[in-house]
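Scroll down for the structure; my scribbles are underneath it.
The values are calculated or read from the model by the stated rules, or taken from the named source; none is laboratory data. Everything quoted here is computed from the prediction, not taken from an experiment. So basically every Cβ, Gly included, is an ideal-geometry build from the backbone, and we count neighbours across all protein chains shown.
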Amino acid sequence: MNRRILFLAVLALAGCPKKTTTVQGPSAPEDDFKTVDTQTMPDGLILVQSDTNGDHQYDVFNYYQPLSNDRKQLVRKELDANRDGRVDTITYYGDDGDVSREEMDRDFDGQFDWTDRYQNDVRVMSEVDSNHDGKPDVFTYYEGNPPRVSSKESDTNGDTLIDLWEKFDDNGLVTRTGRDTDGDGKMDVRDE
């Protein structure tokens, strides 16, 4: 089915308090349909849920803030990318409509383990929980547009203190490193 038709259907239904619509393409088999459900949440946000692959499970959840003149602004998008019934990506939008933060469950275990932070719709930092203890331990910083890795800080031993620092050149090669060898969270060895 044409994504533009589905998008227009979502926009048309977004102002309804609660409505479920089945959208079917002109040449799609009878069982190949998409469902869009719109409702107003207790906090006033408008939730538009979509089943984009016709498996009878919602996999895209868009939350809109109502504005004046029957307009609305997307403030959060949740996505079930692997179609297991659990949200594994949440994207947050600022007042300007740009992406401000995105949280991901990269290994689909139900725990968000990666967060990207944005400024002016450009990724500037990533936080990763690489050891799955519920706390980020790798912090990657980006520069430029398109963004490139400029530096990385890591807690390699799980004590919540940074103990490895890396600087990268424009080609993505490590140019300098630093280490904390005595566990105080301060760099005491440098390699250039």
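Could you check segment 115-131 and list, in sequence order, the residues that are more than 23 Å from Gly97 (Cβ to Cβ) and either touching a strand residue (DSSP E or B) at 6+ places or on another chain (Cβ under 7 Å) or in contact (Cβ under 8 Å) with a residue 60 or more places away in the chain (or both)? Let's see the steps before the verdict.
Initially, segment 115-131 is screened for residues more than 23 Å from Gly97 (Cβ to Cβ), giving 127-131.
Once the filter is applied, which keeps residues that are more than 23 Å from Gly97 (Cβ to Cβ) and either touching a strand residue (DSSP E or B) at 6+ places or on another chain (Cβ under 7 Å) or in contact (Cβ under 8 Å) with a residue 60 or more places away in the chain (or both), segment 115-131 yields Glu127, Val128, Ser130.
Condition check ((1) hydroxyl-bearing (Ser, Thr, Tyr); (2) on the phi < 0 side of the Ramachandran plot; (3) surrounded by fewer than 13 Cβ atoms within 10 Å (Cβ to Cβ); (4) assigned by TED's automatic domain parsing to the domain that holds Lys34) across all residues:
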{"residue": "Ile46", "(1), (2), (3), (4)": "no, yes, no, yes"}
{"residue": "His56", "(1), (2), (3), (4)": "no, no, yes, yes"}
{"residue": "Val60", "(1), (2), (3), (4)": "no, yes, no, yes"}
{"residue": "Gly94", "(1), (2), (3), (4)": "no, yes, no, no"}
{"residue": "Ser100", "(1), (2), (3), (4)": "yes, yes, no, no"}
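All conditions but one from (1) within 30 Å of Gly54 (Cα to Cα); (2) out of contact with any strand residue (DSSP E or B) (no Cβ under 7 Å at 6 or more places or on another chain) apply to Gly185; the one that does not is (1).
Would you say Gly97 is part of a loop (DSSP other than H, G, I, E, B), modelled with pLDDT under 95 and closer than 30 Å to Ser150 by Cα? Working first, answer last.
Working: part of a loop (DSSP other than H, G, I, E, B): yes; modelled with pLDDT under 95: yes; closer than 30 Å to Ser150 by Cα: yes.
Spelling it out, Gly97 is indeed part of a loop (DSSP other than H, G, I, E, B), modelled with pLDDT under 95 and closer than 30 Å to Ser150 by Cα.
Checking every residue in segment 62-72 against the condition of being touching a helix residue (DSSP H, G or I) at 6+ places or on another chain (Cβ under 9 Å) and in the same structural domain as Lys34 (by TED's automatic domain parsing) gives at least one match. The number of residues in segment 140-160 being surrounded by 13 or more Cβ atoms within 10 Å (Cβ to Cβ) and in a loop (DSSP other than H, G, I, E, B) comes to 4.
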